[in-house]
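Scroll down for the structure; my scribbles are underneath it.
What follows draws every value from the coordinates through simple rules; no lab data is involved. These numbers come from a predicted model, not from an experiment. When we count neighbours, we look across all protein chains shown, and the Cβ atoms used for this are built from the backbone with ideal geometry, even at glycine.
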Amino acid sequence: MAGRRYPTSEVLLEQAVEESGGLTDFGAGDFREGLDVLLDSLERDGDLDPAADEGVVAVFRRRLVNRLQIEAWYREHPEIEDLPVRGPVDVNGLPRTGTTALANMLSLDPQLRGLRGWEQSQPCPPPELATEHTDPRRLALVEEYEETPAHLKAMHLYDADATMEDSEILGMSFHGQQMTLPVYGYHAWWRRSDLTQTFWHHRRAIKLLQSRRPPDLWLFKAPHHKFHLEHLAAAYPDVRFVMTHRDPGKSVPSYASIVSAILPPAAGERDLKRLGREISVHLREGMENAIAARDRLGEDRFLDIHHRELVSDPMGTIRRVYEFLGLELTEAVEKSLADWQQANRSGAHGQHRYTAEQFGLNADQIREEYAFYIERFGVEVERKDRH
């Protein structure tokens, strides 16, 4: 198309085939639709500095190469098809409600298999337990985290060995939330999309990753799973959900703040008020989806954890999670948890400073719009300006 800023999906697929050394099997699923919608939204909605374009496109191309390599790996190792997957334990909810802290603590238990960022970004070859500590992919991420600016470390916990959002796994199907780009049209499409095929490909990637690195009881952490709980459950019938909760008057502006910090630079001044409105609507619809799905899936699959509990009694909260999951909490893990809690106590990495107003939001108005959520789960409203 004349005048197009970003490449078409056809061009990206051709480039991925070339980059992979001639692999041509991208595997099953509807990834082409997601890629087309994403590229179209980036073309229409994007406000990026042109200097950021190549880095953005390179991520898309890498995800396509990963698809090709996964299919090639399965052809060479067909026994992976028969591997069992236990669980998973799925930590989700509104973002900025304690999902990362809770999941990072659970990641300390060797009974659970976390989904690390470095293995998602390049799944092949799958990691091996004996050598993963010195795996070049892991070391590169450790170095990246060491160089992360202080203001980002004050917003979010960075741990190369903890489970994290499956953005890269879902991204290979181009059915990920994609909050690292201002692609509002894509976000709206994604909220209403059927991710059944996406999560079947997700399971395929998970089996590959566990093939040389046990255990097989998975721990996922992804606030965005709340949008598509039933599609996740279709691929993982034994999933158990741990849902975290906090006052949306706090969590929604906090999420707007962190998204604004991780977006690529804009060509001009970014419209932060539009960003805030889009995020508030996005998260509200996600929670509406989650509540409807819970009613159909059954409450027995869910454990609710409130942010105030996690802050005031982290060890008691963890014990409640273990009881729900039917897992043993060993003395060694309890010691690791106590050490983690001391190292990551509130304010240990700096203060995250933001206001709702800088994103065109008002905390009380958010609470009104999320009243269905506050009432359903008995969420405590935090009237003090505590970030």
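Odds and ends about this structure:
- Single match in M172, M164, M155, M179 (criterion: out of contact with any strand residue (DSSP E or B) (no Cβ under 7 Å at 6 or more places or on another chain), under 20 Å from N344 (Cβ atoms) and not hydroxyl-bearing (S, T, Y)): M155
- Search result, residues across the range 80-99 that are more than 19 Å from L232 (Cβ to Cβ) and crowded, with 22+ Cβ neighbours inside 10 Å: R96, G98
- Looking only at the range 285-295, and only at residues there that are charged (D, E, K, R) and over 20 Å from V252 (Cα atoms), the one that is surrounded by the fewest Cβ atoms within 10 Å (Cβ to Cβ): D295
- Residues in the range 224-266 that are aliphatic (A, V, I, L, M) and either out of contact with any helix residue (DSSP H, G or I) (no Cβ under 7 Å at 6 or more places or on another chain) or under 30 Å from D364 (Cα atoms) (or both): L229, V242, M243, V252, A256, I258, V259, A261, I262, L263, A266.
- Members of the range 107-141 that are in a helix (DSSP H, G or I) and either of a type in the set (F, W, Y) or more than 16 Å from the chain's Cα centre (by Cα) (or both): W118, E132, H133, T134, P136, R137, R138, L139, A140, L141
- Residue match in the range 186-206 (condition: closer than 27 Å to W340 by Cβ and not charged (D, E, K, R)): yes
- Looking across V311, V259, V281, one residue alone is β-branched (V, I, T) and over 26 Å from Y158 (Cα atoms). It is V281.
- Here T180 does not fit the description of being crowded, with 18+ Cβ neighbours inside 10 Å, of a type outside the set (F, W, Y) and within 28 Å of A52 (Cβ to Cβ).
- For R63, the conditions (1) surrounded by fewer than 17 Cβ atoms within 10 Å (Cβ to Cβ); (2) among the basic types (K, R); (3) within 25 Å of L39 (Cβ to Cβ) are fulfilled apart from (1).
- Residue in the range 142-169 that is nearest to the chain's Cα centre (by Cα), counting only those that are among the β-branched types (V, I, T) and within 26 Å of R353 (Cα to Cα): T163
- Test: residue in the range 143-162 that is crowded, with 16+ Cβ neighbours inside 10 Å and among the β-branched types (V, I, T): no
- Selection status of P149, under 30 Å from D247 (Cβ atoms) and without any contact (Cβ under 8 Å) to a residue 12 or more places away in the chain: yes
- Of the residues examined, Y255 is not one that is hydroxyl-bearing (S, T, Y), within 18 Å of the chain's Cα centre (by Cα) and closer than 16 Å to D90 by Cβ.
- Listing of helices (runs of 4 or more DSSP H) fully contained in the range 156-252 that carry 1 or more residues being over 28 Å from D271 (Cβ atoms): 167-171, 196-210, 229-235
- Some residue of the range 36-58 being surrounded by fewer than 18 Cβ atoms within 10 Å (Cβ to Cβ), of a type in the set (K, R) and under 28 Å from L115 (Cα atoms): no
- Conditions (1) farther than 26 Å from N362 by Cβ; (2) in contact (Cβ under 8 Å) with a residue 40 or more places away in the chain; (3) touching a helix residue (DSSP H, G or I) at 6+ places or on another chain (Cβ under 6 Å): number failed by E309: (2)
- Filter result (assigned to a helix (DSSP H, G or I), among the acidic types (D, E), farther than 21 Å from Q120 by Cβ and touching a residue at least 40 places away in the same chain (Cβ under 8 Å)) within the range 49-76: D53
- Search result, residues across the range 77-99 that are more than 20 Å from S121 (Cβ to Cβ) and of a type in the set (V, I, T): V85, V89, V91, T97, T99
- Test: residue in the range 97-105 that is β-branched (V, I, T), in contact with a strand residue (DSSP E or B) (Cβ under 7 Å, 6 or more places away or on another chain), assigned to a loop (DSSP other than H, G, I, E, B) and touching a residue at least 12 places away in the same chain (Cβ under 8 Å): yes
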